[in-house]
Amino acid sequence: IAVKMLDNIIDINNFPLPQYENYQKNFRTIGLGVTGLADTLAMLNIKYNSPEAIEYVDNLMELIAIAAYRASIELAKERGSFPFLKADQFIQSGYLCRHRSGKNYEAWIEITNDILQYGIRNARLLSIAPTGTLSLTFGNNCSSGIEPIFSLGYDRKVKIGGQNEEDAQTIHISDYAYNMYTQNTK
């Protein structure tokens, strides 16, 4: 659903310059990513920088990548590949080559074969963007992106109702996972 939604945005977007529109319509790059990773680990009682966390995140991101590639291939079947696709060159990217020799190589070989047969809708699919401010809107302050929990609690100045200083209020922000942990361990 997310891959389809991000691909749809390319078609309905108003681009500031024709060069941007030309690039996007020919490569159809999207940036499927994550936020709240540290909170996820905390809720699973996995220490952020532990070997267990590294293994969990590696498996999670592999799952997301495989699903994203499969979704983009399905979109290519429906709507066509991105116009500048040269499938035989695309499948030789370092990313796909590394994954074809990894632990889920069978899934990546299938993806490679499907790209050769059906194409792929998006030249680039995944991105881990900074989501600091955006993360405040999810779950009453989830951790941002893939970064550790910023702070268990802090005061933040927020403008409510306008952009003037008189519209500013100071509110206490506390991490969602930490709040859940303290509520569930009483």
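The values are calculated or read from the model by the stated rules, or taken from the named source; none is laboratory data. Bear in mind the structure is a predicted one, so any value in this text is a computation, not a measurement. Backbone-built Cβ (ideal geometry, glycine too); neighbour counts: all protein chains shown. For accessibility, only protein heavy atoms count, side chains too; no ligands or nucleic acids. Shrake-Rupley method; radii C 1.70, N 1.55, O 1.52, S 1.80 Å.
Results, tabulated for the structure shown:
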quantity	calculated
So Asp7, is it among the acidic types (Asp, Glu) and in contact with a Gly (Cβ under 8 Å, 6 or more places away or on another chain)	no
Where a residue in the range 42-62 is in a loop (DSSP other than H, G, I, E, B) and its partner, wherever it lies, is open to solvent by less than 100 Å² (accessible area, probe 1.4 Å) and of a type in the set (S, T, N, Q), with Cβ under 9 Å and at least six apart	Ile46/Thr40
So Leu17, is it of a type outside the set (Phe, Trp, Tyr) and closer than 28 Å to Asn179 by Cα	no
Positions within the range 82-113 being farther than 17 Å from Val3 by Cβ and in a loop (DSSP other than H, G, I, E, B), in sequence order	Pro83, Phe84, Lys86, Ile91, Gln92, Ser93, Ser101, Gly102, Lys103, Asn104
Hits in the range 1-33 - residues which are open to solvent by less than 40 Å² (accessible area, probe 1.4 Å) and in contact with a helix residue (DSSP H, G or I) (Cβ under 7 Å, 6 or more places away or on another chain)	Val3, Asp7, Ile10, Gln24, Arg28, Ile30, Leu32
Members of the range 114-127 found to be open to solvent by less than 80 Å² (accessible area, probe 1.4 Å) and either of a type in the set (A, V, I, L, M, F, W, C) or assigned to a helix (DSSP H, G or I) (or both), listed by number	Asp114, Ile115, Ile120, Ala123, Leu125, Leu126
Long-range neighbours under 8 Å by Cβ, at least six apart or interchain, first residue under 19 Å from Arg100 (Cα atoms) within the range 66-90, second of a type in the set (D, E, K, R) and assigned to a helix (DSSP H, G or I)	Arg70/Asp114; Ala71/Lys4; Ser72/Asp7; Ile73/Asp114
